[in-house]
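What follows is a set of notes on a single structure, which appears directly below.
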Amino acid sequence: DAQKNYARIGDFSTHGLGPHDIRLLDQGRTIVVANGGIATDAADRRKLNIPTMRPNLAYLTLGGEPLEIMELEPDLRQSSIRHLAITGDGLVGFAMQWEGPENAATPLLGLHRKGQSPTLCEAPLTDELLMKGYAGSIAFSGSETEVAITSPKGGRIHRFSRGGAFLGAVVQKDVCGLAPGKSGYFSSDGFGGLIVATERGPTKIAEHPCAWDNHILTL
């Protein structure tokens, strides 16, 4: 309760392990949760169930009742669903981190609508390998005509159409934070840089004496 010093007023299951991100859909009537699927040791954060992990997207009522649970195909069960972005018309983008064997070059971006099958968005093999199995943030562009994910490990932003087609890469060392911008995307890196990223590449607009963490919100 924000009016009572943020007192806790309830809880419910996310119908999955490792909830990592949450958004509201349907004009605030539906919750969508990114369940990463990873059980961790409470003491040292060791990952305990990588061979058997089952990530999902869970669509819930505001009271926590499940409306739909979307799981990936079994061969992608080690793709941990971590971060979410949504459009005004209810398209959900989800960014993933691969927990399986190295250099598998699995898709790191998915698109989903309730009641439909997910679209997994793949970059060309060389570009996919350069992401190093890690998507750190996701955002739709300001116009919502495309979607992108970042990889601080790979130093890249990958852009895709709303239909899932790869549009190109923007190279920026240690880039991670990503949010809609008036033109393309607004992003940040671990060296204090604030960047506008478009199809023409990155343009640094400010630099601060700090190391930005992984996420940005547009208010």
Search the structure for amide H atoms under 5 Å from the amide H of G142, placed 1.01 Å from N in the peptide plane, and list their residues when 5 or more places away or on another chain. G181, G184
Apply the Karplus parameterisation 6.51 cos²θ - 1.76 cosθ + 1.60, with θ equal to phi minus 60°, to every residue of the stretch 205-219 and state each ³J(HN,Hα) to the nearest whole Hz, in sequence, with x for glycine and proline. 10, 6, 9, 10, x, 7, 10, 5, 7, 7, 9, 9, 10, 8, 9
Can you tell me the equivalent ellipsoid semi-axes for the chain? Use √(5λ) from the Cα gyration tensor, largest first, whole Å. 26, 21, 19
Just add up the charged neighbours of H215: K/R +1, D/E -1, any other residue whose Cβ is under 15 Å from the Cβ of H215. -2
Can you return the lysines within cross-link range of K132? Criterion is Cα-Cα under 26 Å, with same-chain partners fewer than 8 residues away left out. K47, K153, K173, K204
Using only DSSP helix segments of four residues or longer, with each worth -39500 (n - 2.57), what per-residue ellipticity at 222 nm results for the chain after dividing by its residue count and rounding to 500? -500 deg cm²/dmol
Could you calculate, for the stretch 109-151, the ratio of the Cα radius of gyration to the Kirkwood radius, expressed as Rg to Rh? 1.00
Scoring the stretch 1-95 by relative contact order with C-alpha pairs under 8 Å, at least six apart, yields a percentage of 25 percent
For a protection proxy built on the mean count of beta-carbon atoms within 10 angstrom, sort 65-71, 176-182 highest first, please. 176-182, 65-71
Just the Cα atoms of the stretch 13-54, one point each, no solvent: what log10 I(q)/I(0) does Debye give at q = 0.14, 0.30, 0.34 Å⁻¹? -0.40, -1.01, -1.12
Write down the Å³ per residue value for the convex hull defined by the alpha carbon atoms of the stretch 29-103. 119 Å³
Projected onto their principal axes, the Cα atoms of the stretch 166-205 stretch, largest extent first, over whole-Å spans of 26, 19, 14
Would you mind estimating how fast the stretch 127-219 diffuses translationally, via Stokes-Einstein at 37 °C and 0.692 mPa s with the Kirkwood radius over Cα pairs, in µm²/s? 259 µm²/s
Only Cα pairs under 8 Å and at least 6 apart count here; give the relative contact order of the stretch 100-159 as a rounded whole percent. 27 percent
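Every number here is computed from the coordinates shown, using simple stated rules; none is lab data. Quick caveat, the model's predicted, so the values are computed rather than measured. Reconstructed Cβ throughout: ideal geometry from the backbone, glycine too, with neighbour counts over all protein chains shown.
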